[in-house]
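Take a look at the structure set out below.
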Amino acid sequence: MVEVETVLVMETAPIKFGVNATAEIAFDLRRLGVTRALLVTDRNLMKTGLPDRVRKLAAEGGVQVEIYDGVHVEPTDASLEAAVSFAQGRNFDGFISVGGGSSIDTAKVVNLLTTYPAPLLDYVNKPIGKGLPVPGPLKPHIAVPTTAGTGSETTAVAVLDIPALKVKTGISHRYLRPSLGIVDPLNTITCPPMVTAAAGLDVLTHAVESYTTRPYNARPKYNPAERPAYIGANPLSDIWCEKAIEYVGRYLRRAVMNGLDLEARTYMALAATIAGIGFGNAGVHIPHGLAYPVAGMVRNYWPPDYQTEEPLVPHGISVVVTAPAAFRFTYPAAPERHLKAAALLGADVSGVAVTEGAEVLPRTLIGLMRDVGIPNGLAALGYGEADIPALVEGALKQQRILVNSPRDVGAEELKRILLDAMVYW
Ligand SMILES: [Fe+2]
């Protein structure tokens, strides 16, 4: 008999949260011993003036900051290597990232590869890379998110594309966690509606996937050195996931409709961070597994509000677009949890028998997607039935994520989910 897991782990980065928390950054840089930092950001964000403001705040506190603004939205191996070579040999003793997940993840990798130099692929997850462990603690890194989305300020993962192999993969190790996340709702105010909507639905899928993933105590026992970061749903991650789902249900529509609604921005920023804590420990499953090929194979979709010349399916859209179909499929594995998630989102589940509730969460999610302007399915992103074999093949490469599904999922099941996700309304 296989021995089941009895131990659960909860790790996160320290968080400083609140309106104008950014103003305290010099104090935190000094406290962490930083005297000369590299600030990692992207060119669009430079136009908002925030990176320059952070540089000035740091300088007033005696910390010298240089800016690198070459972050690629959805980082690639090449964009990461360019950032690393910018930083190499310049003796930075700390890092600041200002932006969405792409900037935060780029700073994680620059910190890693300038502290313990090695070819990028040495650290990339197996089987694409060698999956070598990070040798030791990294330099201080303060992450300042500007979208209420990835929760990357709390997580131990950096995600990257390798276009030559047509795969999205990552580096995952607890030492990648930033030393501090400064989550300031004011920094999300300039986020345009579609970016807010996509990021907010990324938050929601993080929370619902982690809430419904195969529980930690339904998995084989790990020895501590091999226990993965994603251990499965557990009583500690549930707390964070439930609250995040509730806040997205209450505040996402408001944040999309009126970007200046500070209360909605505040709770969405909080939701992103606490969902990050939940999924960073429990783990995501089918929608995030499918998101890799859905984003990677895009040919002809240009989302509104994203300044991009290349076609792009933003991460949040790529995950939520299959979520209703995926949760319809996973419902039988944990009906109460799916119903509870729908209720936290605002659905009335009173009197719904578990045997008849499979549609409640998908319907609630679809309602929210529609209200915030998300495309109505894979077809609207340019995919058709002819693309399904390639999408399935791409998703099957994400075994690390698919094994977290509460129901066993293979090619046939993925195909059914993708067909179901073509057109929702
Ligand atoms: Fe995500």
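The values are calculated or read from the model by the stated rules, or taken from the named source; none is laboratory data. Just so you know, these numbers come straight off a predicted model, no measurement behind them. No Cβ is skipped: glycine too gets one built from the backbone with ideal geometry, and neighbour counts run over all protein chains shown. In case anyone asks, the SASA skips ligands and DNA or RNA and just uses the protein heavy atoms, side chains included. Shrake-Rupley method; radii C 1.70, N 1.55, O 1.52, S 1.80 Å.
A Förster radius of 25 Å combined with the Cβ-Cβ distance from F17 to R174 puts the calculated FRET efficiency at roughly 0.70. For the chain, the tally of Lys pairs with Cα-Cα distances below 17 Å comes to 12, considering only residues 8 or more apart or on different chains. Across the options S179, P75, T48, the greatest Cα extent toward the positive end of the charge dipole of the range 21-183 (unit charges at beta carbon of Lys, Arg, Asp, Glu) belongs to S179.
For the range 224-321, the list of GluC sites (Glu not before Pro) that fall in a loop by DSSP and count at most 15 other C-beta atoms within 10 angstrom reads E226, E309. Counted residue by residue at 0.36 nm each, then reduced by the alpha carbon distance between them, the extension gain from R299 to E24 reaches 94.7 nm. Place a point 7 Å from the Cα of M1 along the Cα-to-Cβ direction; which residues of the range 219-245 have their backbone N under 17 Å from it? Output list for this probe position: 219-222. Computed about its Cα centre, the charge dipole of the range 201-275 is approximately 140 debye, with only Lys, Arg, Asp and Glu carrying charge at their Cβ. Loop-located trypsin sites (Lys or Arg not before Pro) in the range 211-306 (DSSP state not H, G, I, E or B) with no more than 14 neighbouring Cβ atoms inside 10 Å: K221, R299.
Out of the range 183-228, which chymotrypsin sites (Phe, Trp or Tyr not before Pro) are coil in DSSP terms and have no more than 16 other C-beta atoms within 10 Å? Walk me through the numbers before you get to the answer.
On the way: sites: Y211, Y216, Y222; in loops: Y222.
Listed in order of number, the matching sites are Y222.
With both labels modelled 7 Å from their Cα along Cα-to-Cβ, the N258 to Q307 distance reads 2.7 nm.
Over the range 193-420, with the other protein chains present, what is the accessible area per residue in square angstrom, probe 1.4 angstrom?
Details: 8640 Å² over 228 residues.
Here the per-residue accessible area is 38 Å².
Could you work out what % of the accessible surface of the chain is carbon and sulfur, using a 1.4 angstrom probe and leaving DNA, RNA and ligands out of the count? Taking all protein chains in place, the chain shows 56 percent carbon and sulfur surface.
Taking the solvent-accessible surface of protein heavy atoms with a 1.4 Å probe, what is the per residue accessible area of the range 21-183 in Å²?
Values: 6150 Å² over 163 residues.
That works out to 38 Å² per residue.
Only bridges with both residues in the chain count here: give the DSSP antiparallel percent, nearest 5. Show your work: numbers first, answer last.
Values: 8 of 28 bridges.
In the chain, approximately 30 percent of DSSP beta bridges are antiparallel ones.
Applying 1/(1 + (r/R0)^6) with r as the Cβ-Cβ distance of Q64 and T190 and R0 = 25 angstrom yields a FRET efficiency of 0.40. The listed peptides 342-349, 131-138, 316-323, 53-60, ordered by packing as a protection proxy, come out as 316-323, 342-349, 53-60, 131-138 (highest mean of other Cβ atoms within 10 Å first). Shape class of the range 21-183 from the Cα gyration tensor (axes a ≥ b ≥ c, square roots of the eigenvalues): prolate, since a/c reaches 1.5 or more and a/b is larger than b/c. Cβ-Cβ distance of T35 and D122, R₀ of 25 Å, FRET efficiency by 1/(1 + (r/R0)^6): the value works out to about 0.30.
Estimated from helical segments only, the mean residue ellipticity of the chain at 222 nm is -13000 deg cm²/dmol, where each DSSP H run of four or more residues counts as -39500 (n - 2.57).
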